[in-house]
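The values are calculated or read from the model by the stated rules, or taken from the named source; none is laboratory data. Everything numeric here is computed off the predicted structure, so don't read it as measured data. Note that each Cβ is placed from the backbone with ideal geometry, even for glycine, and that neighbours are counted across all protein chains shown. Keep in mind that these areas ignore ligands, DNA and RNA; they rest on the heavy atoms of the full protein, side chains included. Shrake-Rupley method; radii C 1.70, N 1.55, O 1.52, S 1.80 Å.
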Amino acid sequence: MPREIDPRETSREAAYHLWMGAPNPMVTVFKTLDVTAAVRLSRRRGLKFHMLLDYCIGQAAAGVREFYTLPVGKALIRYDELAVSTIVANRSGGVTSCDIPCTGDLAAYSRRYLADTAQAAETGRDIDLSETHMVIGTSAIVETELDGVVGMNSGIYNNPFLFWGRYRRRGLRYVLPISFQFHHTQMDGAHAGAFLERLQAQLRDLR
């Protein structure tokens with residue numbers, strides 16, 4: 001279960017004192033990913049590209065310990081599990097968020113993704129795991145190609161978040177620019193860089 005921890009007992013003590021009260025505690029970095037393997041696997045096996053990307057995000061984050069600690073209010077909360085949130089268009093014309101627990105089993109993740117996103121779209125009710133999981137937010141704006149997105153910087157919503165648009169062709173490859181936003185108390189640029197490198201490796205290794 002999630003639990004509050006003392007910043008003095010973590011590697012984030014200095015960051016906690018520097019950034020918890022900052023008026024702009026969020027950092028956004030940009031990276032262009034090679035998503036060729038995901039595009040080809042999606043087409044070959046009929047899997048949703050967005051699901052594959054969310055799955056790889058969860059796998060990459062699981063190997064970076066800073067993802068398991070999140071600033072909430074004035075506290076640091078340690079989680080045991082991660083989830084990835086996706087935004088779903090619902091039947092009333094609005095959008096609904098749907099949190100999917102991270103797992104190392106792609107087939108199981110795909111089944112859960114399809115079932116839960118269908119439920120969220122039909123009911124219009126969020127599937128919220130934030131009470132038990134550290135949730136990584138995602139938002140895909142697939143109506144157009146994007147070079148980058150900057151989200152809220154208020155510190156109200158402190159969870160890490162990834163944004164992207166439509167992937168694009170580059171020669172024989174497919175690439176996708178993404179934006180990764182995180183709270184500076186949770187991690188530093190080096191941790192964000194390690195996560196993005198792990199994400200690229202996960203995407204290249206998709207079979």
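Return one number: the angle in degrees, 0 to 90 and rounded to the nearest 10, between the long axis of the Cα atoms of helix 36-45 and the longest principal axis of the Cα atoms of the chain.
The answer is roughly 50 degrees.
Given the peptides 143-150, 45-52, arrange them by the average over their residues of other C-beta atoms within 10 Å, most packed first.
Highest-to-lowest ranking by the protection proxy: 45-52, 143-150.
With the cut-off at 1.5 for a/c, could you classify the stretch 118-181 from its C-alpha gyration tensor as rounded, prolate or oblate?
Oblate, since a/c reaches 1.5 and b/c is not below a/b.
Ordering 111, 12 from largest to smallest accessible area (1.4 angstrom probe), what's the sequence? The partial results should precede the final answer.
Working: 111 150, 12 15 Å².
Putting 111, 12 in descending order of accessible area: 111, 12.
On C-alpha positions alone, give me the angle between the axis of helix 106-123 and the longest principal axis of the chain, in degrees, nearest 10.
90
Express the carbon and sulfur contribution to the solvent-accessible surface of the stretch 1-70 as a percent, rounded to the nearest whole number, probe 1.4 angstrom.
The value for the stretch 1-70 is 50 percent carbon and sulfur by accessible area.
Return the carbon/sulfur percentage of the accessible area of the stretch 73-207, one whole number, probe 1.4 Å, all protein chains in place. Numbers along the way, then the final one.
Numbers: 3350 of 6630 Å².
Exposed carbon and sulfur together represent 51 percent of the surface.
Which shape class, rounded, prolate or oblate, goes with the stretch 63-207 when its Cα gyration tensor gives a ≥ b ≥ c as root eigenvalues, a/c under 1.5 marks rounded, and past that a/b bigger than b/c marks prolate?
Because its axes are fairly even, with a/c under 1.5, the stretch 63-207 counts as rounded.
Apply the a/c threshold of 1.5 to the C-alpha gyration tensor of the stretch 50-104 and tell me whether it is rounded, prolate or oblate. Intermediate results must be reported in sequence, preceding the final value.
Numbers: a/c = 3.33, a/b = 1.43, b/c = 2.32.
Taking the square roots of the gyration eigenvalues as a ≥ b ≥ c, the stretch 50-104 is oblate.
How would you rank 14-25, 195-206, highest first, on the average number of other Cβ atoms within 10 Å across their residues?
Answer by packing, highest mean first, reads 195-206, 14-25.
Considering the dipole of the chain built from charges on the beta carbon (Lys and Arg +1, Asp and Glu -1) around the Cα centre, which of 130, 46, 90 is farthest to its positive end?
46
Between 163, 107, 191, whose Cα lies farthest towards the positive end of the dipole of the chain when Lys and Arg beta carbons carry +1 and Asp and Glu beta carbons carry -1, centred on the Cα centre?
The Cα lying farthest towards the positive end belongs to 107.
Roughly how many debye, to the nearest 20, is the charge dipole of the stretch 80-207 about its Cα centre, given +1 on each Lys and Arg Cβ, -1 on each Asp and Glu Cβ, and no other charges?
Using Cβ point charges on Lys, Arg, Asp and Glu, the stretch 80-207 gives about 720 debye.
Any idea what angle helix 49-62 forms with the longest principal axis of the chain, computed on alpha-carbon atoms, 0 to 90 degrees, nearest 10?
30
Under a 1.4 angstrom probe, counting protein chains only, how are 173, 44 ranked by accessible area, largest first?
Ranked from most to least accessible, the order is 44, 173.
Quick one: putting +1 on the C-beta of Lys and Arg, -1 on the C-beta of Asp and Glu, what dipole do you get for the stretch 1-140 around its Cα centre, in Debye to the nearest 20?
Around 600 debye, computed over the stretch 1-140.
Take each of the peptides 27-34, 103-110, average the number of other beta-carbon atoms within 10 Å over its residues, and list them starting from the highest.
With the highest mean Cβ count within 10 Å placed first, the list reads 27-34, 103-110.
Give me the extension gain from residue 147 to residue 119: residue separation times 0.36 nm, minus the current Cα-Cα distance, reported in nm with one decimal.
6.9 nm
For the chain, what does the helix formula give at 222 nm: sum of -39500 (n - 2.57) over DSSP H segments with n ≥ 4, over the residue count, nearest 500 deg cm²/dmol?
-10000 deg cm²/dmol
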